[in-house]
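Okay, structure first, notes after.
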Amino acid sequence: MNLIDWLAEPLQFDFMRRALLVSAVAGLVCAVLSCWVTLIGWSLLGDAIAHAVLPGVVLSYIFGLPFAVGAFLFGGLAVTLIGVVRDTTRIRGDAAIGVVFTGLFALGLVLVSKTPSQIDLNHILFGNVLGVSDSDIAQVLGIGALTLAVVFYKRRDLTLYAFDPVHAHAIGLRPKRLGALLLMLLALTVVVALQAVGIILVSAMLITPGVTAYLLTDRFERMLAIAIAVSVSSCVLGTYLSFHVDSSTGGTIVLCQAIVFALVYLFAPRRGLLANKRKRRTATSVR
Amino acid sequence: MTAVTAKGVTVHYGDVLALDDVDVTVERGRICGLLGMNGSGKSTLFKSLIGLVKPDRGTITLHDKDPAVARREGLVAYVPQSEAVDWAFPVRVVDVVSMGRYGALGGARRLKAADREAVDAALERVGLTDLAGKQIGELSGGQRKRAFVARGIAQDARLLFLDEPFAGVDKRSEATIVELLRSLRDEGRTIVVSTHDLAAVPALCDEAILLRRKVLLHSDIDTALSAEHLGRAFGLDGAVA
Ligand SMILES: Nc1ncnc2c1ncn2[C@@H]1O[C@H](COP(=O)(O)OP(=O)(O)OP(=O)(O)O)[C@@H](O)[C@H]1O
Ligand SMILES: [Mg+2]
């Protein structure tokens, strides 16, 4: 089979065209958010939100609402609870995150087990991008476009918030509000990514593109561009590969991202492992 | 016309009393040194002044205004302690200085031609024009401080708070910063500088505050640097208040 067939064959199928669209859009939105999220140190918050939306997804299903509604509400609930637990006790932030998201995730598991069959837990946990409905696609595109538009408009404020919230405060801006905005955008992004890779692997989509790009550049705009390129190409390639080798789509996408990260980790021109070794060797030989 | 007034400011962190009934008045157009040993409450006083820490008691005004109003009017600039900055963050020097303009811009913080000119002028003034495109962490300790001062200049702040600007800075850079701050003072700006590096104080400051949870002394430099007062502030007499 030549390359053209390899690329063209899956496109005959409607489900593959949808899958490619959804995973590319999810890859784009996640890549953009990942740059701010990893720089601030919120990497695990994305994972927590993803787990915490499970009861929301189940309840949406039970009440016949769009999945995004329940998912977003529970994402917001999780973030609020984490903040409350952290601020009103002596518990540290990471533990507050752990308590809240596992509790909500467990609630979701119980709800699934007590709900009349049709909900496929595997699809929620591991994604079901090959079976997305029209309504799913509409939600992903709508939320993705909204998220990207807000991020684009507020990008300078978000970077200021990530770099120096004290300065933001000193010049009369409201860093707490900027943080809340970013959390909301993060929750929306999680909702988009759920469709592509499922709850378990959302955090990879929200971390790997950003950290890969961070190893390659010192410029924020370039970091965004690289993260987007890495993420979208991994999503498209992963979807194709999963078709041809008949593997889990979400798993294949994230594996592609992880492989790109590993290559960058080893071979990045300035911050890669080998470059660092070389630098150290030169430094010693000079001495 | 005062630049800073604090009356009866008391701050606790949990059970730790960090500031105890602190009264401070600084007139406009002065450079005031805030001297005290580690843990004496210097950073806490700065944080209270810019409204980052809410005092349990006491009142603060900046330029005779409510601090929130002063902040919104762009009067206040803060140069953080080095440890408080992520030097690996992917921003360039020019990006950092540009952030000084954000308060006066629209929601998207798009810089206009006049803003770019102000940023360039600030970079020029602190001598970082050639390094404007560097990532902030690539600068030396002294250059980093100057970059943050340039941000305050681009903002046209009237009040500059500098927390430990001389930590990790060599003598030559220190002299450059001192000269820069004095020229800003000569334009009528007010500068409060915390330091436990006393060597820089005589060349820089017009007056000094000795802080040790309380204000021990607020006076001219010679008095503040006398052995008797320094001893009390830096605990050489062993009396922990
Ligand atoms: N976030 C915090 N939580 C609890 N205690 C704190 C906090 N920040 C400061 N402290 C305590 O308050 C006191 C004053 O600290 P502060 O940082 O204001 O001192 P400082 O004079 O700036 O010291 P340094 O010279 O080390 O910067 C210290 O005892 C410190 O341990
Ligand atoms: Mg301090």
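The values are calculated or read from the model by the stated rules, or taken from the named source; none is laboratory data. Quick caveat: nothing in here was measured; it's all calculated off a predicted structure. We place every Cβ from the backbone using ideal geometry, glycine too, and count neighbours over all the protein chains shown. Surface accessibility is based on the protein's heavy atoms, side chains included, excluding ligands, DNA and RNA. Shrake-Rupley method; radii C 1.70, N 1.55, O 1.52, S 1.80 Å.
Figures for the structure shown
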{"quantity": "13 Å Cα-Cα reach of B:K65 towards aspartates and glutamates, excluding residues that sit fewer than 8 places from it in its own chain", "calculated": "B:E73"}
{"quantity": "Within 10 Å of each Cβ in A:147-155, the average number of Cβ atoms from other chains", "calculated": "1"}
{"quantity": "Separation of alpha-carbon centers, the stretch B:152-200 and the stretch A:58-124, rounded to whole Å", "calculated": "50"}
{"quantity": "Structure-based [θ]222 nm, the protein assembly as shown - -39500 (n - 2.57) summed over DSSP H runs of at least 4, per residue, nearest 500", "calculated": "-19500 deg cm²/dmol"}
{"quantity": "Partner lysines for A:K279 [C-alpha distance under 26 Å; skip if fewer than 8 residues away on the same chain]", "calculated": "B:K134"}
{"quantity": "A:Y214 accessible area, assembled protein chains, probe 1.4 Å, Å²", "calculated": "70"}
{"quantity": "Top of B:L211, B:L160, B:L225 by mean-square fluctuation, Gaussian network on chain B, Cα under 10 Å", "calculated": "B:L225"}
{"quantity": "Chain A: C-alpha gyration tensor shape, a/c 1.5 cut-off, then a/b vs b/c", "calculated": "oblate"}
{"quantity": "Dipole moment magnitude, nearest 20 debye, the protein assembly as shown about Cα centre, only Lys, Arg, Asp, Glu C-beta charged", "calculated": "480"}
{"quantity": "Charged-residue dipole, Cβ positions (Lys, Arg, Asp, Glu), the stretch B:1-85 about Cα centre, Debye nearest 20", "calculated": "260"}
{"quantity": "Given charges at Cβ of Lys, Arg, Asp, Glu: the protein assembly as shown dipole, positive-most of A:I137, B:I60, B:A114", "calculated": "B:A114"}
{"quantity": "Sites A:V69 and A:R270, calculated FRET efficiency, Cβ-Cβ separation with R0 35 Å, nearest 0.05", "calculated": "0.20"}
{"quantity": "Ratio Rg/Rh [Cα only; Rh per Kirkwood] for the protein assembly as shown", "calculated": "1.05"}
{"quantity": "Mean Kyte hydropathy of 0.0 or more with a Cα span along the axis of at least 18 Å, helices from DSSP in chain A", "calculated": "A:14-40, A:67-88, A:93-113, A:134-163, A:175-214, A:220-245, A:249-267"}
{"quantity": "Gain on full stretching of the segment that runs from B:D170 to B:W87 - 0.36 nm per residue minus C-alpha separation", "calculated": "28.0 nm"}
{"quantity": "Using a Förster distance of 30 Å, the FRET efficiency for A:M184-B:E138 (Cβ separation, nearest 0.05)", "calculated": "0.30"}
{"quantity": "For the stretch A:201-220, residues shielded by at least 20 square angstrom of accessible area compared with the chain on its own, probe 1.4 Å", "calculated": "A:Y214, A:D218, A:R219, A:F220"}
{"quantity": "Antiparallel bridges, percent of DSSP beta bridges restricted to chain B (to nearest 5)", "calculated": "55"}
{"quantity": "Distance-filtered residues of the stretch A:123-155 - backbone nitrogen under 17 Å, label point 7 angstrom along A:D246 Cα→Cβ", "calculated": "A:130"}
{"quantity": "Extreme residue, positive dipole direction of chain A, given options A:T102, A:N128, A:F13 (C-beta unit charges)", "calculated": "A:T102"}
{"quantity": "Unit charges on C-beta of K, R, D, E only; dipole of the stretch B:101-241, Debye", "calculated": "660"}
{"quantity": "Mean Cβ count within 10 Å, highest first, over the residues of peptides B:34-45, B:102-113", "calculated": "B:34-45, B:102-113"}
{"quantity": "Distance between modelled label sites at B:E124 and A:L141, nm, 7 Å Cα→Cβ extension", "calculated": "5.1"}
{"quantity": "Extreme residue, positive dipole direction of the stretch B:1-86, given options B:V26, B:T10, B:S48 (C-beta unit charges)", "calculated": "B:V26"}
{"quantity": "Shielding by partners - mean other protein chain Cβ count within 10 Å, residues of A:159-169", "calculated": "6"}
{"quantity": "Sequence of B:M1, A:M223, A:M184 when ordered by accessible area, the most exposed leading, probe 1.4 angstrom", "calculated": "B:M1, A:M184, A:M223"}
